[in-house]
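Trainee: Right, I'll just put the structure down here and ask away after.
The values are calculated or read from the model by the stated rules, or taken from the named source; none is laboratory data. Here the structure is a predicted model, which is why all the values come from computation and not from measurement. Cβ atoms come from the backbone with ideal geometry, glycine included; neighbour counts cover every protein chain shown. Heads up: the accessible areas ignore ligands, DNA and RNA and are worked out on the full protein's heavy atoms, side chains in. Shrake-Rupley method; radii C 1.70, N 1.55, O 1.52, S 1.80 Å.
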Amino acid sequence: MRSAILSLELLPGEGLSERGLEERLAASRTPIRAALMRLENEGLTRRAGRGWQVTPIDLAEVRAVMEYREVIEAAVVGLAVQRADDDELAALRLLAEGSDEPDVRGEAQESSAGSGEAGLRRGGDFHLALARLSRNPFLVEGMADSLTRLSRTRWLEVRTAESRAQARAEHLEIVAAVRARDAGRASALVVAHSRGTRDRLLDHLAEERRRLRGRGFAIIESSETPPAL
């Protein structure tokens, strides 16, 4: 169910019934309900009356999560510069180099959906691998959570070969700065990468909002300005 939500097979805002999910997943009601509750904790489902709903894409949440991710990753690269050894950084570079393998090697092109899913997975793998080099499990957990909450919108953005190529180039620049033990440059690069991703996501959603709604996507704006703490 989680995979279906993250890949947009189950659309943002789509209604979910326990009975319907029982038939679809060939599972009994108790594990279905437990899965829905767990996904609710991840922000992917929510209660809607007596039933459930795939959580709509909330533009305000996207902005907030991107702010959170930016802070985490700036801390991550500073610690990675201090703590990662040369072999780990060489492996990270190989991971970044392979972030768009089918296009780089000139192999048969995957479908647009398949390429987007692969690009999403590889990008997530890179950011989690970088987070692990901080040697801080809380930062790794925070990065994993932010990537999960952004998966649906990131999938929309990485479907083009241009966006995947840009992400790959930026990942390689980040790795080069960390390998050079230049914490200031590495931090500036991850912040620029995070903000560029945020801007592309929000611009894409703004441009495609009407069309996506026509396909059944629920896109909302819960708050233009964050409330005072």
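Trainee: So which DSSP H runs in the chain come out at 15 Å plus along the axis (Cα) with average Kyte-Doolittle of at least 0.0?
Mentor: Values: long enough: 29-41 (18 Å, -0.40); 59-83 (35 Å, 0.62); 86-97 (16 Å, 0.17); 112-132 (30 Å, -0.28); 137-157 (29 Å, -0.19); 161-179 (27 Å, -0.21); 183-214 (45 Å, -0.73).
TM-like helix candidates: 59-83, 86-97.
Trainee: How high is the FRET efficiency between ALA91 and VAL71 when r is their beta carbon distance and R₀ equals 22 Å, given to the nearest 0.05?
Mentor: 0.30
Trainee: Let me ask something additional. Hey, any idea what % of the chain's accessible area is carbon plus sulfur with a 1.4 Å probe? Please list the in-between numbers first.
Mentor: Values: 5960 of 11820 Å².
C and S atoms contribute 50 percent here.
Trainee: Given points 7 Å out from each Cα along the Cα-Cβ axis, report the ARG33 to ARG181 separation in nanometres with one decimal.
Mentor: 5.8 nm
Trainee: Using a 10 angstrom cutoff on alpha carbons, build the Gaussian network for the chain and name the most mobile of THR30, THR148, THR160.
Mentor: Residue with maximal mean-square fluctuation among THR30, THR148, THR160: THR30.
Trainee: Any idea of LEU156's accessible area? Nearest 10 Å², probe 1.4 Å.
Mentor: 10 Å²
Trainee: Gap in Å between the Cα centre of the stretch 59-73 and the Cα centre of the stretch 29-43?
Mentor: About 24 Å separates the Cα centre of the stretch 29-43 from the one of the stretch 59-73.
Trainee: Around LEU16, which amide H atoms from residues at least 5 apart in sequence, or from another chain, sit under 5 Å from its own amide H, with H modelled in the peptide plane?
Mentor: Amide H to amide H, under 5 Å and 5 or more residues apart or across chains, LEU16 pairs with TRP52, GLN53, VAL54.
Trainee: 7 Å from Cα along Cα→Cβ at both ALA206 and ALA165: what's the point-to-point distance in nm?
Mentor: 2.5 nm
Trainee: Measure off 7 Å from each Cα along the Cα-to-Cβ vector at ARG24 and ARG121, then give the distance between these two points in nanometres to one decimal.
Mentor: Here the answer is 2.1 nm between the modelled labels.
Trainee: Moving on. 5 Å is the cut-off here: which amide hydrogens, built 1.01 Å from N in the peptide plane, fall below it relative to THR45, excluding neighbours closer than 5 in sequence?
Mentor: Under 5 Å from the amide H of THR45 lie the amide H atoms of GLU40, THR55, each far enough along the sequence or on another chain.
Trainee: Looking only at the chain, where both bridge partners belong to it, what percent of the DSSP beta bridges are antiparallel (to the nearest 5)?
Mentor: Working: 6 of 8 bridges.
Antiparallel: roughly 75 percent of the beta bridges in the chain.
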